[in-house]
Amino acid sequence: MPAITAAVPTSSQPFKLFAAAEPLSRKNKSAIKGPYINFDEKNRFTLYQQLSTCNPYVSTSLNKLGLSLVKGMAFDGTSKRNSKEFEDFSKKTNFLNQVQSLARILCRDGTYTALPVSGTNGGNFRLAPLLMPALTILPEGVEPGAKVDEVMSPGQNIEGMRFCLNEGDKLQEVYDYSQVVYGVYNEWDSVQEDLKKRKTYGLYGSSLLVPIIPSIQNLLDLDQGYVSYVKKYGRGRYAINLRALEEAVKQGIISPAQASEAVAAFAEEHKKLSENEDIIGAGLEVLTPDAKGSLDTSTFKASLETEIMLGLFQSPLTMGMSSKSTYASAYLVEEDRMLVLEGLQKITESITNQAINARLRAIGKPEDSVWVKFDELSKPVLDFDTLLEMCNTGKITDDELRQRAGFPAKAVDTE
């Protein structure tokens with residue numbers, strides 16, 4: 001069984017990493033975050049799913065990320081007939097949506113696993129993602145239900161890995177590496193615990209949500225706190241100080257008890273004050289409670305929103321906050337962001353090609369005879385005259401000119 005070891009010159013025995021490889025944990029693991037209850041702090045994959053839908057800054061960023069990574073999906077192959085067949089299949093089965101889900105799940109969970117399900121002759125082929133909150137990934141030599149003390153690692157034979165749904169349950173299902181489509185992002189970033197509390201390294205990828213969980217939680221709490229404040233103080237309420245009564249009590253003209261009776265009578269008289277009616281009196285100070293008070297929450301809220309956007313590779317420009325940005329600065333920010341995203345796009349492309357090979361096997365065609373292509377995200381936006389000059393000088397093809405200029409693609413000759 002593969003285990004993480006470190007060489008020790010004075011001994012022929014490997015030194016196994018135990019306490020030194022403890023995963024990072026959060027102090028605040030409350031099941032209540034803002035207005036929501038039942039956040040699952042025991043199963044991190046369930047928590048990722050819950051966090052991905054609890055706030056628009058999270059859900060929209062993840063959706064934008066998934067959509068942008070598969071921009072311009074197209075097929076190429078060793079023959080035009082094969083690639084055209086895949087284009088038709090993709091349109092008929094909405095395969096693009098499956099790939100968009102792949103990209104989003106990869107970013108959310110850090111790990112994507114799916115069963116390629118094929119109908120007759122691969123006609124109804126689709127990807128059925130395995131439910132990560134119920135999945136454990138086992139390296140070669142580890143049987144389902146085994147208790148392992150050392151850190152589990154894929155070892156040299158990655159194809160010996162197995163994927164176990166509902167491990168230890170009567171509904172347990174085990175799949176070999178060859179049966180699934182599998183991909184990870186930054187799997188070597190840290191030691192992670194699986195559902196059975198076994199430490200793993202290199203089996204699971206890193207979720208983009210992990211570094212921003214505190215920011216998401218603080219934003220939910222801040223929003224809920226503000227709403228609670230408004231409900232208590234901000235629905236047309238007034239803070240009325242009867243100055244005349246205060247002075248009368250100070251001078252001994254009336255007793256505090258008499259002042260209380262006068263306050264109660266005043267409250268009874270004005271409790272049904274309607275809209276556009278004024279409070280008129282002498283010796284009154286009327287104030288409206290300030291929701292900001294001495295603490296302005298807007299700056300803190302904006303910083304939390306920015307942290308979430310940056311953690312999910314978004315920018316104020318992509319989230320509709322470009323009012324203070326010049327075109328030049330916004331373009332540079334977007335170009336830099338797209339360069340970063342292309343790394344994620346390559347991972348998504350690799351996983352998608354696994355699925356394509358699974359369908360090629362199902363329809364009896366050789367693997368790698370068709371592959372997927374995505375648009376280059378960092379490709380600069382050029383005017384038509386520049387594109388035409390690049391085409392005339394042979395820098396780009398006629399097809400690329402039409403594509404980048406937004407013209408319909410030419411019909412593909414399938415013969």
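The values are calculated or read from the model by the stated rules, or taken from the named source; none is laboratory data. All values derive from a computational prediction rather than experimental measurement. Neighbour counts are summed over all protein chains in view; Cβ atoms, including those assigned to glycine, are modelled from backbone coordinates with ideal geometry.
Taken over segment 128-162, the residue count meeting the criterion of being under 16 Å from Lys199 (Cα atoms) and of a type in the set (A, V, I, L, M, F, W, C) is 9. Do we have any residue at all in segment 66-82 that's over 16 Å from the mean Cα position of the chain (by Cα) and without any contact (Cβ under 8 Å) to a residue 24 or more places away in the chain? Looking for residues that are over 16 Å from the mean Cα position of the chain (by Cα) and without any contact (Cβ under 8 Å) to a residue 24 or more places away in the chain, one finds none in segment 66-82, hence no. Mind checking which residues of segment 250-273 are over 20 Å from Ala239 (Cβ atoms) and among the β-branched types (Val, Ile, Thr)? Within segment 250-273, Ile253, Ile254 qualify.
Residue-by-condition table, conditions (1) among the hydrophobic types (A, V, I, L, M, F, W, C); (2) over 28 Å from Ser61 (Cβ atoms):
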{"site": "Ser79", "(1), (2)": "no, yes"}
{"site": "Asn82", "(1), (2)": "no, yes"}
{"site": "Phe89", "(1), (2)": "yes, yes"}
{"site": "Phe95", "(1), (2)": "yes, no"}
{"site": "Leu106", "(1), (2)": "yes, no"}
{"site": "Asp109", "(1), (2)": "no, no"}
{"site": "Ala114", "(1), (2)": "yes, no"}
{"site": "Val117", "(1), (2)": "yes, yes"}
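Scanning segment 334-385 for residues that are of a type in the set (Ser, Thr, Tyr), out of contact with any Ser or Thr (no Cβ under 9 Å at 6 or more places or on another chain) and either modelled with pLDDT of 85 or more or under 20 Å from Gln98 (Cβ atoms) (or both) yields a count of 3.
If we keep just the residues of segment 1-45 that are in a strand (DSSP E or B) and farther than 30 Å from Tyr226 by Cβ, which is modelled with the lowest pLDDT? Filtering segment 1-45 for residues that are in a strand (DSSP E or B) and farther than 30 Å from Tyr226 by Cβ, the one modelled with the lowest pLDDT comes out as Phe15. In segment 46-82, the qualifying residues are those that are part of a helix (DSSP H, G or I) and of a type in the set (Phe, Trp, Tyr), and the one that is farthest from Asp194 (Cα to Cα) is Tyr57. Within segment 83-110, the set of residues being among the small types (Gly, Ala, Ser) and either surrounded by fewer than 16 Cβ atoms within 10 Å (Cβ to Cβ) or not in a helix (DSSP H, G or I) (or both) comprises Gly110 only. Just one of the listed residues (Leu245, Leu219) is surrounded by 15 or more Cβ atoms within 10 Å (Cβ to Cβ) and more than 26 Å from Thr46 (Cβ to Cβ), and it is Leu245. Just the residues that are polar (S, T, N, Q) and on the phi > 0 side of the Ramachandran plot, please, taken from segment 153-190. Within segment 153-190, Asn166, Asn186 qualify.
Of the residues screened, Met309 is one that is outside the structural domain of Gln100 (by TED's automatic domain parsing), closer than 19 Å to Ser207 by Cβ, at pLDDT 65 or above and within 19 Å of the chain's Cα centre (by Cα). Of the residues Ser178, Ser207, the single one that is in contact with a Lys or Arg (Cβ under 9 Å, 6 or more places away or on another chain) and hydroxyl-bearing (Ser, Thr, Tyr) is Ser207.
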